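Below is one structure, written out as structure tokens, with a few remarks after it.
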Amino acid sequence: MRRVDRVRLEKRRRVILTVGLAFTLGALTSAALIWRADQLAARGIVEQAEQATAQHIDREAPLTDLPAPLAVPAATAGRTEGSSASADLLKRRHLSIPVEGISRDQLRDTFEERRGGGLRSHEALDIMASRGTPVRAVDEGKIAKLFKSVAGGLTVYQFDPSETFAYYYAHLDRYAEGLQEGQQVHRGELLGYVGSTGNASEDAPHLHFAIFALGPERRWWQGEAIDPYPLLR
């Protein structure tokens with residue numbers, strides 16, 4: 001083979017090798033870049049997921065300190081024959097007004113007023129009073145539950161002596177010192193003070209007072225609503 005031909009062949013081989021090497025390096029670089037991009041994307045997804053999870057936990061955190069179940073006094077809407085009979089029975093107990101200094105003519109019947117955009121009946125009596133006004137037991141009985149709920153704030157559930165009825169006091173500013181579950185209380189005994197805890201307006205402190213007839217299970221959070229207005233003397 002002539003020298004000229006050998007030189008041309010060597011140059012062609014070098015060109016082929018150079019092009020091949022460049023292509024290989026380019027492919028490897030592209031693969032590395034794609035892998036790096038995938039890694040960054042994956043990391044971004046993880047970070048986004050972690051952020052979303054953290055935000056979710058932050059939103060839910062205030063609720064984790066609340067006990068369950070969330071108590072709703074008055075499970076049955078409206079008045080029925082049963083509640084009328086229960087109200088007749090309660091009339092003989094001569095319930096007192098639970099807010100100190102409030103007279104009968106200052107009360108307004110709010111039992112059938114609509115709440116929650118008109119979706120539910122109030123089924124309770126709102127007694128307006130200054131913050132810190134003493135709240136007293138309407139009857140003899142036992143403290144069944146001291147409960148902090150989202151809607152009612154600081155609440156007291158009191159059973160009557162026969163554990164047929166429950167008296168519900170809500171939106172309290174604070175409890176009476178030493179008040180505890182299972183405690184026997186007398187009519188007029190201090191339970192707490194008027195406030196606006198829960199979903200009550202800060203500028204309208206009041207006592208949300210409800211009565212309901214207990215079922216056979218005597219669950220403090222469940223019963224048939226009875227209008228307190230005609231029963232308070």
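The values are calculated or read from the model by the stated rules, or taken from the named source; none is laboratory data. Small disclaimer: the values here were computed from a predicted structure and weren't measured. All Cβ positions, glycine included, derive from the backbone under ideal geometry; neighbour counts span all protein chains shown.
What about P134, is it surrounded by fewer than 21 Cβ atoms within 10 Å (Cβ to Cβ), free of Cβ contacts under 8 Å to residues at least 24 places away in the same chain and in contact with a strand residue (DSSP E or B) (Cβ under 6 Å, 6 or more places away or on another chain)? It is false that P134 is surrounded by fewer than 21 Cβ atoms within 10 Å (Cβ to Cβ), free of Cβ contacts under 8 Å to residues at least 24 places away in the same chain and in contact with a strand residue (DSSP E or B) (Cβ under 6 Å, 6 or more places away or on another chain). For T155, the stated conditions hold: it is in contact with a Phe, Trp or Tyr (Cβ under 6 Å, 6 or more places away or on another chain) and either in the same structural domain as E100 (by TED's automatic domain parsing) or farther than 19 Å from E123 by Cα (or both).
Have a look at S196, S162 and point out the one that is surrounded by fewer than 16 Cβ atoms within 10 Å (Cβ to Cβ) and assigned by TED's automatic domain parsing to the domain that holds D88. Going through S196, S162 in turn, just one is surrounded by fewer than 16 Cβ atoms within 10 Å (Cβ to Cβ) and assigned by TED's automatic domain parsing to the domain that holds D88: S162. Considering each residue of the stretch 175-189 in turn, none proves to be more than 23 Å from S103 (Cα to Cα) and among the basic types (K, R).
In the stretch 147-165, of all residues being over 26 Å from L89 (Cα atoms) and hydrophobic (A, V, I, L, M, F, W, C), the one that is nearest to the chain's Cα centre (by Cα) corresponds to V150.
Hey, could you check the stretch 199-233 for residues that are among the acidic types (D, E) and within 17 Å of D160 (Cα to Cα) and say which is surrounded by the most Cβ atoms within 10 Å (Cβ to Cβ)? I'd like the intermediate steps shown before the answer.
Initially, the stretch 199-233 is screened for residues among the acidic types (D, E), giving 202-203, 217, 224, 227.
From the residues that got through so far, the ones that are within 17 Å of D160 (Cα to Cα) too are 217, 224, 227.
Details: E217: 8, E224: 21, D227: 19.
Looking at residues that are among the acidic types (D, E) and within 17 Å of D160 (Cα to Cα), I get E224.
Mind checking whether some residue in the stretch 96-118 is surrounded by 13 or more Cβ atoms within 10 Å (Cβ to Cβ), at pLDDT 95 or above and in a strand (DSSP E or B)? Taking every residue of the stretch 96-118 in turn, at least one turns out to be surrounded by 13 or more Cβ atoms within 10 Å (Cβ to Cβ), at pLDDT 95 or above and in a strand (DSSP E or B). Among the residues making up the stretch 140-181, those that are β-branched (V, I, T) and modelled with pLDDT under 95 are V150, T164.
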